[in-house]
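Engineer: Have a look at this one before I ask anything.
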Amino acid sequence: MTTENTYAYRIEGGYPVVGKIACLGAKNFVIKAMVAALLGDTPTTLTNAPAIGDVDITAELLTSIGAKVERVDSQQLVIDASSMDTSTVPTPHSGSNRVPILLLSALLHRFTTVSVPVVGGCKIGARAVDFHLQAIRRFGGVVDETSEGYVARRVKSLKGTHIDLPYPSVGATETCLYLGVLAEGRTVITNAAIEPEVMELIMMLRSMGAIIFTSSGRDIRIEGVKQLKGTHIQALGDRIEAASWASLACASNGDVTVSGIRPDTLGNFLSYFQEIGGGIELMGAESIRFFRARDLRPAIIETDVYPGFSTDWQQPFAILLTQADGISIIHETVFENRFGYLKALDALGARTQLTSHCLGGIPCRFRDKNYEHSAIIIGPTPFTATSEPITIPDLRAGLAYVIAAAIARGTSIITGVDFLERGYGNIVPRLASMNLKIERIAGSSL
Ligand code: EPU
């Protein structure tokens with residue numbers, strides 16, 4: 001993911017964030033649903049589809065191959081794949097995301113050759129695509145890696161198979177779903193990802209006519225069908241946004257009611273949040289109030305695949321832990337390089353230390369490798385704004401910096417907000433309505 005320093009946020013922190021905020025549709029479902037829509041013979045309507053950078057990039061990818069993507073309003077997209085006329089996917093003007101590797105499999109039913117550019121996404125680890133490529137090969141496709149990207153080919157129809165994923169990768173599970181639903185015969189995926197966004201994608205594919213059986217574990221069985229139709233689906237609320245607003249409320253000693261979020265998708269987050277001193281109150285089927293119930297206590301957290309503590313909750317939660325009384329530990333086991341943002345917080349007053357040791361018990365793929373994937377956070381440390389701008393290194397770190405600036409006394413400047421706006425829509429008005437003194441300014445004015 002590349003970004004220019006086009007815009008920055010100026011935040012005057014030190015005040016409790018109080019009010020109401022509605023979660024937007026989950027980015028990590030919506031962009032996968034847009035790809036799934038290409039499998040249908042008739043148009044698909046997607047509601048609660050936020051107008052954010054990553055959705056725009058995905059729309060650009062889809063239109064570049066002839067599909068029609070119509071944004072009806074700020075919530076609704078209609079995708080019609082019937083006009084798709086090429087399977088050579090170019091790199092979009094605005095940089096790429098993780099979608100090209102998903103298109104490689106989704107398009108391989110309709111075309112006998114598909115080429116996609118090298119995938120993008122945040123630089124939080126090597127983010128290999130070997131599981132995806134291996135899956136396409138298991139279904140009978142041939143894949144070549146070129147200097148520009150990947151080319152997949154098939155001679156005959158793809159055939160159902162057994163895929164045992166080496167790790168429950170979200171993206172690779174989605175690739176297997178796209179491949180399996182229209183492949184001939186039965187596909188079994190073992191060790192699949194079961195994140196809420198993956199389960200919602202399965203629901204969507206079922207509504208298009210796919211036959212998919214889930215289990216109580218990580219096994220998925222698919223009976224391939226000959227064709228799928230379009231559907232109408234409302235995206236689930238973004239659980240990463242919700243956890244960010246919860247962390248913001250608690251860290252700033254504020255009180256925020258978050259709507260548009262299914263509490264079950266927040267799973268263990270709600271438990272960790274309360275364990276450290278956060279308070280929650282269910283306000284309705286899809287609405288939760290978050291506040292600080294008592295002085296904050298430290299925690300030991302290990303990120304993990306669902307239903308574990310999500311790697312995407314780690315960054316806002318780390319800011320919260322800087323305000324807890326004692327030593328907290330976070331062991332990141334999903335991405336090897338997801339603490340790049342932490343050091344910059346020391347300038348605001350945080351006391352943190354990274355180590356390549358596994359500070360936790362989850363069997364971790366990064367053990368004995370030289371990745372700084374465990375963090376020690378010593379709190380509580382009041383934050384004070386610095387005169388130097390802080391630059392966002394990746395999407396989720398971006399919101400962590402907004403929370404850090406919100407609790408820091410004084411005025412902070414955060415640059416590189418283009419990263420953040422790929423995943424969070426309308427940040428400034430939404431946060432300003434909750435008493436956060438935040439402005440979006442041109443990067444050139446700094
Ligand atoms: N992996 C491989 N080989 C593969 C695929 C994955 O080694 O072929 C490894 C990755 O390197 C990583 C682990 O498996 O260490 C998990 O990766 P996964 O495939 O699950 O992640 P992803 O599909 O690339 C999605 C989200 C991420 C989220 C992760 C984990 C999207 C667009 N991205 O990424 O979200 O952190 O799952 O839940 O859905 C974000 O939204 O900011 C973000 C990074």
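Engineer: What does the highest-first list of 438-446, 243-251 look like by mean Cβ count within 10 Å?
Structural biologist: 243-251, 438-446
Engineer: Treat each spin label as a single point 7 Å out from the Cα along the C-beta direction, and report the Ile327 to Ile441 distance in nm.
Structural biologist: About 4.0 nm separates the two model spin labels.
Engineer: OK, next. Multiply the residue separation of Lys123 and Lys369 by 0.36 nm, subtract the distance between their alpha-carbon atoms, and state the gained length in nm to one decimal.
Structural biologist: Once the chain is fully extended between Lys123 and Lys369, it gains 86.8 nm.
Engineer: Expressed as cubic angstrom per residue, what is the convex hull volume of the alpha carbon set of the stretch 242-304?
Structural biologist: Output value, Cα hull per residue: 74 Å³.
Engineer: For the stretch 123-254, compute the orientation-averaged projected area of the C-alpha convex hull (one quarter of its surface), in nm².
Structural biologist: 10.7
Engineer: OK, next. For the chain, what is the per residue volume of the convex hull drawn over the alpha-carbon atoms, in cubic angstrom?
Structural biologist: Taking only Cα atoms, the chain has a hull volume of 131 Å³ per residue.
Engineer: Kindly provide log₁₀ I(q)/I(0) values, in the same order as q = 0.23 Å⁻¹, from the Debye equation applied to equal alpha-carbon scatterers of the stretch 353-403.
Structural biologist: With no solvent term, the Cα-only Debye profile gives -1.02.
Engineer: To continue, here is another question. Relative to the compact-globule scaling 2.2 N^0.38 Å, provide the ratio for the alpha-carbon radius of gyration of the stretch 64-204.
Structural biologist: 1.04
Engineer: Cross-link partners among lysines for Lys159, C-alpha distance below 28 Å, same-chain residues fewer than 8 apart left out?
Structural biologist: Candidates past the 8-residue exclusion: Lys32, Lys226, Lys229.
Engineer: With N denoting the number of residues in the stretch 268-409, provide Rg(C-alpha) divided by 2.2 N^0.38 Å, to two decimal places.
Structural biologist: Dividing the Cα radius of gyration by 2.2 N^0.38 Å gives 1.03.
Engineer: Per residue of the chain, what 222 nm ellipticity follows from adding -39500 (n - 2.57) for every DSSP H run with n ≥ 4, rounded to the nearest 500?
Structural biologist: -7500 deg cm²/dmol
Engineer: Right, another one. What order do you get for His93, His357 when you list them from fewest to most C-beta neighbours inside 10 Å?
Structural biologist: With the sparsest Cβ surroundings first, the list reads His93, His357.
Engineer: Here is a further query. Answer rounded, prolate or oblate for the stretch 35-146, using the Cα gyration tensor with square roots of eigenvalues a ≥ b ≥ c: rounded when a/c is under 1.5, else prolate when a/b is larger than b/c, else oblate.
Structural biologist: Oblate shape, in that a/c is at least 1.5 and b/c is the bigger or equal ratio.
Engineer: Moving on to the next point. Take every Cα-Cα distance within the stretch 274-327, group them into 5 Å bins from 0 onward, and report for each bin the whole-number percent of pairs it holds.
Structural biologist: Pairs per bin, as whole percents: 5, 17, 22, 23, 22, 9, 1, 0.
Engineer: Tell me, in nm to one decimal, what length is gained between Glu223 and Thr146 on full extension, where the rule is 0.36 nm per residue of separation less the Cα-Cα distance?
Structural biologist: 24.5 nm
Engineer: Using every alpha carbon pair in the stretch 350-446, what percent of pairs falls into each 5 Å bin from 0 up to the bin containing the largest distance?
Structural biologist: 2, 11, 16, 20, 17, 13, 11, 7, 3, 0
Each reported figure results from applying straightforward, stated rules to the coordinates on display, with no laboratory input. On a predicted model such as this, the values are computed, not experimentally measured, just so you know. For neighbour counting, all protein chains shown are included, and Cβ atoms are generated from backbone atoms with ideal geometry for every residue, glycine included.
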